[in-house]
């Protein structure tokens, strides 16, 4: 057997490393950092909003690992020389710095046993929350700037439809995430109706099952960054169903429509994926 047959994940990581080693390293570091937080969940029984205090750092470690792997992978569409430009260096090192600070904030909140988000109980945490929002905006800016680079410097031979999918997905993610985050930050919690607790939430995600949850549209908005290009790749490159720019626009438009639907659903106080009381 070859290495790719016995360890396909290793092959993917080596390709990611080839495309952008610093971001590949951070994706792996954040993934491995989930081990101690998962262990902490087994021994620390404290809860915040009805769930273990280490749940949020664990989820964010995974989310940021996916984020770094994604922008690292997308650097593969660009000539290596572009990665040495000041703009590309900001995308790489600026997002890494912000991600590390964000995780430290979440870990400190877990150690203190207090909510990281919507925490206005003290001056320290009330300042930390909006600062974290600024950090999250920097992560979005990094995505947006990379999309601009891809529109201008794509390597010859790159699929134009896949490139369009990456740019469209990034644009949707940036715009929709800012909108959903603005609505989230303007309230006192992510719940709309139902019980103001994450106890008995949707498995894995933890989303409310008793009412609306604004984290739902926020999640789907943010992950347009991965899902729209993935849909274009599967439906176009693999299945051959999408062979024109109009097909990519159709995928992007359908995804925007889906985000709007789940956003309205959350604002109306209904849980995802089913309506009130259907699960």
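Quick rundown of the values:
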item: Verdict on residue 129 being surrounded by fewer than 20 Cβ atoms within 10 Å (Cβ to Cβ) and closer than 19 Å to residue 219 by Cα; result: yes
item: Matching residues in the stretch 200-222 - criterion: being assigned to a loop (DSSP other than H, G, I, E, B), touching a residue at least 12 places away in the same chain (Cβ under 8 Å) and under 16 Å from the mean Cα position of the chain (by Cα); result: 205, 206, 207, 214
item: Residue check for residue 50: over 25 Å from residue 164 (Cα atoms), in the same structural domain as residue 153 (by TED's automatic domain parsing), surrounded by 21 or more Cβ atoms within 10 Å (Cβ to Cβ) and touching a residue at least 24 places away in the same chain (Cβ under 8 Å); result: no
item: Test for residue 272: is it part of a loop (DSSP other than H, G, I, E, B), in contact with a strand residue (DSSP E or B) (Cβ under 8 Å, 6 or more places away or on another chain) and not assigned by TED's automatic domain parsing to the domain that holds residue 66; result: yes
item: Set 201, 212, 193: member being in contact with a strand residue (DSSP E or B) (Cβ under 8 Å, 6 or more places away or on another chain) and under 26 Å from residue 137 (Cβ atoms); result: 212
item: The stretch 223-245, residues that are part of a helix (DSSP H, G or I) and either on the phi > 0 side of the Ramachandran plot or surrounded by 21 or more Cβ atoms within 10 Å (Cβ to Cβ) (or both); result: 224, 225, 228, 229, 232, 236
item: Which listed residue is in the same structural domain as residue 272 (by TED's automatic domain parsing), farther than 20 Å from residue 73 by Cα and at pLDDT below 90, from 237, 195; result: 195
item: Failed item, numbered, when residue 120 is tested on (1) without any contact (Cβ under 8 Å) to a residue 40 or more places away in the chain; (2) assigned to a helix (DSSP H, G or I); (3) within 21 Å of residue 137 (Cβ to Cβ); result: (2)
item: Listing of helices (runs of 4 or more DSSP H) fully contained in the stretch 1-110 that carry 3 or more residues being over 16 Å from the mean Cα position of the chain (by Cα) and more than 30 Å from residue 155 (Cβ to Cβ); result: 34-43
item: Residue check for residue 266: in contact with a helix residue (DSSP H, G or I) (Cβ under 6 Å, 6 or more places away or on another chain), within 25 Å of residue 200 (Cα to Cα) and surrounded by 12 or more Cβ atoms within 10 Å (Cβ to Cβ); result: yes
item: Given (1) closer than 30 Å to residue 117 by Cβ; (2) surrounded by 21 or more Cβ atoms within 10 Å (Cβ to Cβ); (3) touching a helix residue (DSSP H, G or I) at 6+ places or on another chain (Cβ under 6 Å), index of the condition residue 248 fails; result: (1)
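The values are calculated or read from the model by the stated rules, or taken from the named source; none is laboratory data. Note that this is a predicted model, so its numbers are computed, not measured. When we count neighbours, we look across all protein chains shown, and the Cβ atoms used for this are built from the backbone with ideal geometry, even at glycine.
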